[in-house]
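Working notes for the structure below.
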Amino acid sequence: MAQLLTNNDKRTCYCAELSEKDIGKKVCVMGWAQRQRDLGGLIFIDLRDRSGIIQLAFDSDTEKAVFDDAFTVRAEFVLCAHGTVRARSSVNPNIPTGNIEIAVSELKILSAAQTPPFEIVENSKVNPELRLKHRYLDLRRPDMQGNIIARSKITKIARDYYAENGFMDIETPCLIKPSPEGARDYLVPSRVHPGRFYALPQSPQLYKQLLMVSGFDRYFQIARCFRDEDLRADRQPEFTQLDTEMSFASADEVMAVHEGFIKYLFKEFFGKELGYDFPKMPYREAMERYGSDKPDVRFGFELKNLSDILATCEFKVFAGAIADGGSVRGINVKGGARFTRKEIDSLTEYAKTYKAKGLAWLKIAENGEISSSYAKFLTDAENEAIKTAMEAENGDLILIVADKNKVVFDALGNLRCECAKRMGLLRADDFKFLWVTEFPLLEWSEEDERFYAMHHPFTSPMDEDMQYIESDPGRVRAKAYDIVLNGTELGGGSVRIHSEDIQKKMFELLGLTIEEANEKFGYLLEAFKYGVPPHAGLAFGLDRLVTLLLGLEDIRDVIAFPKVQNASELMSGAPGVADPKGLDELCIKVTAENE
């Protein structure tokens, strides 16, 4: 039967806060039993709380009733223990408290526990679905607790930094007007307004811009955001942004403030100085060199354009791609000659997942022997020109893709990272930050035959590109910027449009009439009539930031209660079936049900 705490049962410290300097001190600790070891006349219990483990000791000096209670303890029992800290006779070098233990004088079993479905240990190899089904148990594991505690520390560091730099922490609404642009909204029906819906915010974008109109010139928020889109390893349907906005600030000023945050974070969290200014790389350069707008610059394998060399070659795979408006590009995987033919075939299949039709390759062994999938279709001069352009040496592997530029960039951009991964070149503790700037303002959809905003409709064009806004809008660059770490976009932002004329032109380019623009964004446009300051902002993905800083691969490991691939929560069973009465009140009829 569970025992109750009394006024005398006050925890004096966490388990792992104790050390040899506390020997002789009377303490009271509380937590979960990691395990109990019965050695006949001796019983030891490892007691665990969020700080770590301390050993509880019961021996011939322990009162019989206390000893008997210790005998009944099993894994995950919740305990309160009073006792005296003493030196351990058998040292455990694997835990910080391995030199001490608590000689228990009083023990209370606060809650018994059934045998859990998996052992509460670090680095569990248990099926992830089982862990998520019993997430409250999974979160007891030391590594998971460490992740969540680290996230809390990072969040506090962020609040401290932005407060010290004049930002005000202001909440924005979670029930907002639906917006048809961007990803799908999560819709919330209104009972008071039948047939009408709120949306959960995909970001606080419009509200933070309105805060700039309101005169709060530096805004900050740890904001919950929601997007009804397909999940990936670094995506969740609900996620957290570290969201900011600044008035009277240029793109360079915004980047400087947020680069300062990253450096402050590293100093406070890791005790490490980032002794370099983050390089700035234009979008076009990032695509040409790395095939990605979020390049991983921890290694080489940069893209080289071979189109000039191969435009008139007899090999139709290469020449045809160029003639169709595409290109032929390659990467030199230095040291890649170690890959076997089977492994190269595997890389070919990997490239096909990015819509490449195939992968041409040339391998130069350490002894200079050459094997290739394409060399026989080219002249000796063309083959030599490729090797020269690719700076090929003994031990290298040349990989080439010929297709439309988008396919070439996607395939080679991801292939270079895959090769680096297979070669063990990606160290999680090697942090390489950079800014990617000068993104295109618009992107053309072949399917819809119209332009879409690459960021959002309120991103400002670059001043020097305004001359192309009528004649060649696809050429216009944006005052947009992303901060990238090791091939992952950590955050992004832009200078916003604050000119009515430019905003109208932007809506026109997106195919919106004045009436449609007013229907979707009228409240913002109305506010802009009353004096809007130039403003800009940026939002970090907090979940991604913590994941990368901790060297983890799955974003779910830094979220207390995450969703799985189909956006459900295994523990609670969400989403669930709504009560019919509740649906009637909302004037909603369900026309399709899951089997």
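The values are calculated or read from the model by the stated rules, or taken from the named source; none is laboratory data. Since the structure is predicted, the reported quantities are computational estimates derived from the model, not experimental observations. With ideal geometry, Cβ positions are generated from the backbone for all residues, glycine too; neighbour counts draw on all protein chains shown. Heads up: the accessible areas ignore ligands, DNA and RNA and are worked out on the full protein's heavy atoms, side chains in. Shrake-Rupley method; radii C 1.70, N 1.55, O 1.52, S 1.80 Å.
Results, tabulated for the structure shown:
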| item | result |
| --- | --- |
| Selected residue [in a strand (DSSP E or B) and either at pLDDT below 95 or under 17 Å from Glu245 (Cβ atoms) (or both)] from Phe521, Phe507, Phe451 | Phe451 |
| Any chance Asp403 is under 30 Å from Phe431 (Cα atoms) and surrounded by 14 or more Cβ atoms within 10 Å (Cβ to Cβ) | no |
| Any hit, the range 474-494, residues being surrounded by fewer than 22 Cβ atoms within 10 Å (Cβ to Cβ), touching a helix residue (DSSP H, G or I) at 6+ places or on another chain (Cβ under 8 Å) and farther than 30 Å from Phe301 by Cα | no |
| Which numbered condition Ala567 fails, given (1) surrounded by 15 or more Cβ atoms within 10 Å (Cβ to Cβ); (2) within 15 Å of the chain's Cα centre (by Cα) | (2) |
| Counted residues, the range 155-178 - those being under 22 Å from the mean Cα position of the chain (by Cα) and surrounded by 20 or more Cβ atoms within 10 Å (Cβ to Cβ) | 3 |
| From the options Gly531, Gly537, Gly551, residue that is crowded, with 17+ Cβ neighbours inside 10 Å and modelled with pLDDT of 90 or more | Gly537 |
| Condition check for Phe216: modelled with pLDDT of 95 or more and open to solvent by 60 Å² or more (accessible area, probe 1.4 Å) | yes |
| Hey, Glu384 over 33 Å from the mean Cα position of the chain (by Cα), at pLDDT 95 or above and open to solvent by 30 Å² or more (accessible area, probe 1.4 Å) or not | yes |
| The one condition in (1) open to solvent by 20 Å² or more (accessible area, probe 1.4 Å); (2) without any contact (Cβ under 8 Å) to a residue 60 or more places away in the chain; (3) touching a Pro at 6+ places or on another chain (Cβ under 7 Å) that Ile469 fails to fulfil | (1) |
| Pairs with Cβ under 6 Å, 6+ apart, first in the range 154-180 and farther than 22 Å from Gly215 by Cβ, second part of a loop (DSSP other than H, G, I, E, B) | Pro178/Asp185 |
| Top-ranked residue of the range 17-70 - restricted to ones that are over 20 Å from Ser89 (Cα atoms) and more than 45 Å from the chain's Cα centre (by Cα), ranked as surrounded by the fewest Cβ atoms within 10 Å (Cβ to Cβ) | Lys64 |
| Subset of the range 344-359 (residues that are hydroxyl-bearing (Ser, Thr, Tyr) and more than 26 Å from the chain's Cα centre (by Cα)) | Ser346, Thr348 |
| Residues of the range 342-363 satisfying the condition of being open to solvent by 70 Å² or more (accessible area, probe 1.4 Å) and under 21 Å from Glu393 (Cβ atoms) | Glu343 |
| Condition broken by Val85, with the remaining ones in (1) touching a residue at least 60 places away in the same chain (Cβ under 8 Å); (2) closer than 17 Å to Phe44 by Cα; (3) within 35 Å of the chain's Cα centre (by Cα) satisfied | (3) |
| Subset of the range 554-563 [open to solvent by less than 40 Å² (accessible area, probe 1.4 Å) and assigned to a loop (DSSP other than H, G, I, E, B)] | Ile559, Ala560, Pro562, Lys563 |
| Condition check for Asn394: open to solvent by 60 Å² or more (accessible area, probe 1.4 Å) and not hydrophobic (A, V, I, L, M, F, W, C) | yes |
| All positions within the range 243-294 that are assigned to a loop (DSSP other than H, G, I, E, B), in contact with a Leu (Cβ under 7 Å, 6 or more places away or on another chain) and surrounded by 14 or more Cβ atoms within 10 Å (Cβ to Cβ) | Phe278, Gly291 |
| Answer residue from the range 406-421, given it is surrounded by fewer than 20 Cβ atoms within 10 Å (Cβ to Cβ) and not basic (Lys, Arg) and is farthest from the chain's Cα centre (by Cα) among those | Val407 |
| Test: residue in the range 295-303 that is without any contact (Cβ under 8 Å) to a residue 40 or more places away in the chain, part of a helix (DSSP H, G or I) and surrounded by fewer than 20 Cβ atoms within 10 Å (Cβ to Cβ) | no |
| Restricting the range 535-551 to residues that are in contact with a Leu (Cβ under 7 Å, 6 or more places away or on another chain) and hydrophobic (A, V, I, L, M, F, W, C), the residue that is nearest to Ser460 (Cα to Cα) | Ala539 |
| Residue check for Asp228: surrounded by 21 or more Cβ atoms within 10 Å (Cβ to Cβ), under 20 Å from the mean Cα position of the chain (by Cα) and of a type in the set (D, E, K, R) | no |
| Test result for Glu464, surrounded by fewer than 18 Cβ atoms within 10 Å (Cβ to Cβ), over 25 Å from the mean Cα position of the chain (by Cα) and modelled with pLDDT under 95 | no |
| Unmet criterion (only one of (1) surrounded by fewer than 19 Cβ atoms within 10 Å (Cβ to Cβ); (2) closer than 30 Å to Phe507 by Cα) for Leu442 | (1) |
| Unmet requirement for Gly424, which otherwise passes all of (1) open to solvent by 70 Å² or more (accessible area, probe 1.4 Å); (2) free of Cβ contacts under 8 Å to residues at least 12 places away in the same chain; (3) part of a loop (DSSP other than H, G, I, E, B) | (1) |
| Lone qualifier among Ala351, Ala365, Ala381 - being among the aliphatic types (A, V, I, L, M), out of contact with any strand residue (DSSP E or B) (no Cβ under 6 Å at 6 or more places or on another chain) and farther than 26 Å from Arg298 by Cα | Ala381 |
